[in-house]
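Here is the structure we will look at, set down as structure tokens.
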Amino acid sequence: MYRFDISKHVREGRRTTAGGRGSVGRVSFRPEAVRGAPSAGGLPGQIDYRLARNSVVAEYHRGRLSRRDVCDAHPELLRAAGSIGASAPEPCPICEVDCLVQVSYAFGARLPAGGHSFATPTELNRLVRRAGQVNCYVVEVCPGCSWNHLVRTYGAARRRPAAGSR
Ligand SMILES: [Zn+2]
């Protein structure tokens, strides 16, 4: 109900062909798959999902959610975590063994419907230049136990060039 859950929304058979070159590029889930997240239009600003995330973690530690409930990252998300994910300073709140990895996705009207993953500000800038405006979703993933949750969302738009510049 409150978890970032792409597993049920990813269509099988539409695999990315990343080829191991660092970027997984197009992915096959949509922002609507992110529970509790705004689905249409531009995101108003940065939204932090730490409270929702912490309540899922608390429910797990109280025994109300099982590992199977919370550790269901899709293989595509795990692959992105392994290839372009940025290490987060915290250990995984579920297995407490592996360190978390954050993966960023951009969605926009002029991008593939399934979204586009990116690893660096330069890559994000390139997507913004192409799409004009994108909505970004940052997801934390544990490569060890497959825990996953939305961390934050934010909008990014192309800046108009200042007067006098190119
Ligand atoms: Zn874990």
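What to note about this one:
- Under-5 Å amide H pairs with G114, H placed in peptide plane, nonlocal only: none
- Whether segment 65-152 is rounded, prolate or oblate, judged on the alpha carbon gyration tensor where a/c under 1.5 counts as rounded: prolate
- Contact order relative to length of segment 93-166, as percent, for alpha carbon pairs under 8 angstrom and 6 or more apart: 32
- Cα→Cβ-extended label distance, 7 Å offset, between D98 and D48, nm: 2.6
- J(HN,Hα) series, segment 125-134, from Karplus relation 6.51 cos²θ - 1.76 cosθ + 1.60, nearest Hz, glycine and proline x: 4, 5, 5, 5, 4, 6, 9, x, 8, 9
- Karplus (6.51, -1.76, 1.60) ³J(HN,Hα), θ = phi - 60°, over segment 97-107, in Hz, Gly and Pro reported as x: 10, 7, 8, 6, 10, 10, 10, 10, 10, 10, 10
No value in this document is a laboratory result; all are computed from the given coordinates. Fair warning: this is a prediction, and the values are worked out from it, not measured in the lab. Note that each Cβ is placed from the backbone with ideal geometry, even for glycine, and that neighbours are counted across all protein chains shown.
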